[in-house]
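A short write-up of the structure that comes next.
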């Protein structure tokens with residue numbers, strides 16, 4: 001998950017490999033709680049604009065939320081929406 005965030009989302013740019021590890025852990029928790037793609041996108045947007053203080057990029061946040069949730073659902077075929 002950390003790698004996915006660094007390679008697909010990465011609002012900061014050139015960062016160490018573990019820069020997004022804390023966010024990846026939280027995303028894992030959210031996915032296990034059954035959050036929707038929209039809720040996951042909102043989390044990413046809040047991190048980007050709040051914690052990081054960067055401009056919004058709704059398209060990138062939505063794209064990565066979709067990608068991340070699909071990855072999780074594929075890995076957990078017993079997971080029900």
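Throughout, read-outs are computed from the coordinates displayed, never taken from laboratory work. In this text the structure is predicted, and so the values were computed from the model without any measurement.
Compared with the dominant Cα axis of the chain, that is its longest principal axis, helix 37-46 is turned about 20°. Computed from Cα atoms, the angle from the helix 58-75 axis to the main principal axis of the chain rounds to 40 degrees.
Dividing the helix sum by the residues of the chain, where each DSSP H run of 4 or more adds -39500 (n - 2.57), gives a mean residue ellipticity at 222 nm of -16000 deg cm²/dmol.
Using alpha carbons only, the radius of gyration of the chain set against its Kirkwood radius gives Rg/Rh = 0.95.
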